[in-house]
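Just below is one structure, and these are the notes that go with it.
The values are calculated or read from the model by the stated rules, or taken from the named source; none is laboratory data. As the structure is a prediction and not an experimental result, all values here were calculated from the model. Methodologically, a virtual Cβ is constructed for each residue, glycine included, from the backbone with ideal geometry; neighbour enumeration extends over all protein chains shown. Just the protein is used for accessible areas: all its heavy atoms, side chains included, with ligands, DNA and RNA removed. Shrake-Rupley method; radii C 1.70, N 1.55, O 1.52, S 1.80 Å.
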Amino acid sequence: MSLIWRLETMWIERWNHLVERLKQQGACVHPIEIRPVATEQELQQVEERLGVQIPNGFRQLLQNCSKQVSIYWSLPDEAILPTELLDTPSGEFGWSLKALDFPYFGENDESYEQQYLQFFTAGNGDALLLKLDDETVWYWSHEEDELDLLAASFHSYVDNMTALGCIGVDCGQHRQFCSENGLDIELYRSQLWLTWLEQYLSSNLQQAQSSLASLLHYVSMHGVKKTSVQEAFLHFDGVQVYQALRHKLERAQSPSEQKAWSEVLVKICPREAGNWARELWQVQSDIPDWLRDYVTAHCLPVDEGQSFILMDIEKDRIDAYTALYRLRQFHHPNIIDWMRAYVTFPIDGWDTLLAESQPSAETLYEWLNGNEVERLTSIRAICQMMQRGITPTTMIDEEKWRPLLAYWVEHEVLRKNKQLFSQALSCLENWLLKCYMRLRRE
């Protein structure tokens, strides 16, 4: 028992150490939850509710480690992981005595369901299961209706999950680290991930500034949002920096990697990237259109960048969502009049583009008085702006807005649309005040 106790104590130390290091590196980390151990009375109450005994190995862990554990973390969006990994790992790990229950497989065979206990539910709705007869650990995908073996015992499962950094339990993550016997830290992808993770956890900006190559490696893990990271590039020759970033971008092996390096390029070398964008509009290139559009939107003056993209869009008949996809990087009033000819149902995306394109109060009101698709795009944009603290560029005329919103609260047919107008009406006064304060500051 002492050996088991030492192992479980080591797990807790490793979980806390992992979470603390992730937090120090800027990863998104939820507070770790490690509840006290379960009492014999608590265990017996659950067993009476279930009508079966909790398997011995899991029972010992509940008594000696914790009756409930939850660990959640995620890497920054900017992190570029090895292309050999099929999915980006994130943390989602734990169990709960209180939530312990028989799984529901959506089948009529209840005896099949009684073979397992569900000890954790993944964020995607899938289940982690402990098989009663042999204490093996399984993953059940509710969409695929498939069972994946994860470990031969619960202790083995926790040990391997801990070694892998308490990675997420959904199938997209764990399958790349599994062999036919379950989670396997000796697999090539497992070792690749563990090497990357350790480099990420031990990375240091001060040390990274020793060379341009090491700084780029640091940026590949952390991005360039922080001013301190942006300033670190000033220690190196600007031409070399631009050439190195172009090289990274053009050698990127996936769209996500291209996007990550393009964000670095436009932030660190906007002038050089702008000149590159002009070249891309003049010559044929292997660079994807979306990447050319992205660099154009972020590095060229608004009028110039928009003219390139609008001329390219209008030379061929395109559908509404191609237009939306290509314009989504522009957040300027010029886009609003142009998008009006393309906006259509469903309006997902159009409302965000309207909200982020610096609309005036008059424009929003005009759209509210337009056809159905314009009206609903406008009210959804308005609700987004209210929630995100965005105000129109001009002052709202309350005497015109309030009765119009009230009219549609009464006359909209669908309940969800009524709720949008009702929400806007209830928040109007506070939005007016924010608009007034912003215009006064300006």
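Viscosity 1.306 mPa s, temperature 10 °C: give me the Stokes-Einstein translational D for region 356-430 in µm²/s, with Rh taken as the Kirkwood radius over C-alpha pairs.
For these conditions, the coefficient is 130 µm²/s.
Please report the base-10 log of the normalised intensity I(q)/I(0) for region 145-288, using a Debye sum with one equal scatterer per alpha carbon and no solvent, at each q in 0.09, 0.21 (1/Å).
Log-scaled intensity ratios, in q order: -0.43, -1.20.
First compute the accessible area of the chain with a 1.4 Å probe, then give the percent of it belonging to carbon and sulfur atoms.
48
In percent, how large is the relative contact order of region 262-393, given Cα pairs closer than 8 Å and 6 or more residues apart?
18
Could you list the trypsin sites (Lys or Arg not before Pro) in region 259-350 that lie in coil according to DSSP, counting only those with at most 13 other Cβ atoms within 10 Å of their Cβ?
315, 317
Once fully extended, how much extra length lies between residue 253 and residue 175, figured as 0.36 nm per residue of separation less the alpha-carbon to alpha-carbon distance?
25.9 nm
Along each of the three principal axes of the Cα atoms of region 387-427, give the extent in whole Å, ordering the values from largest to smallest.
That gives 31, 24, 13 Å along the principal axes, largest extent first.
Among the aspartates and glutamates, which have Cα under 19 Å from the Cα of residue 416 when same-chain residues fewer than 8 positions away are ignored?
Partners within reach: 348, 351, 372, 374.
So, how do all the Cα-to-Cα distances of region 301-407 break down into 10 Å bins, in percent, from 0 on up?
Final binned percentages: 14, 48, 30, 8, 1.
Excluding residues on the same chain fewer than 8 positions from residue 418, give the lysines whose Cα lies under 27 Å from its Cα.
400, 434
If you count only protein heavy atoms with a 1.4 Å probe, what accessible area per residue comes out for region 110-171, rounded to a whole Å²?
That works out to 36 Å² for each residue.
Tell me the per residue accessible area of region 233-344 using a 1.4 Å probe; a whole number in Å² is fine.
That works out to 55 Å² per residue.
Regarding region 216-257, what are the three Cα extents along the principal axes, ordered largest first, in Å?
For region 216-257, the Cα spread along each principal axis is 28, 22, 13 Å.
Can you tell me the length gained on complete extension of the stretch residue 395 to residue 199, counting 0.36 nm per residue apart and subtracting the Cα distance?
Full extension from residue 395 to residue 199 adds 65.5 nm.
From the mean inverse distance of alpha carbon pairs (Kirkwood) and the Cα radius of gyration, derive Rg over Rh for region 131-174.
0.98
Regarding region 57-178, what whole-number volume in Å³ per residue does the convex hull of its Cα atoms give?
Residue-normalised Cα hull volume stands at 108 Å³.
Within region 52-110, list the trypsin sites (Lys or Arg not before Pro) lying in a DSSP loop whose Cβ has at most 16 other Cβ atoms in a 10 Å radius.
Of the trypsin sites (Lys or Arg not before Pro), the ones in loops of region 52-110 whose Cβ has at most 16 other Cβ atoms within 10 Å are 98.
Leaving out ligands and nucleic acids, note down the accessible area per residue over region 39-79 with a 1.4 angstrom probe, in whole Å².
46
Could you check the spin-label model distance between residue 77 and residue 146? Points 7 Å from the Cα along Cα→Cβ, value in nm.
According to this spin-label approximation, the distance is 3.0 nm.
Mind sorting out which of (1) 124, 53, 41; (2) 236, 49, 48; (3) 72, 63, 44 is the real Cα extents along the principal axes in Å computed from the coordinates?
(3)
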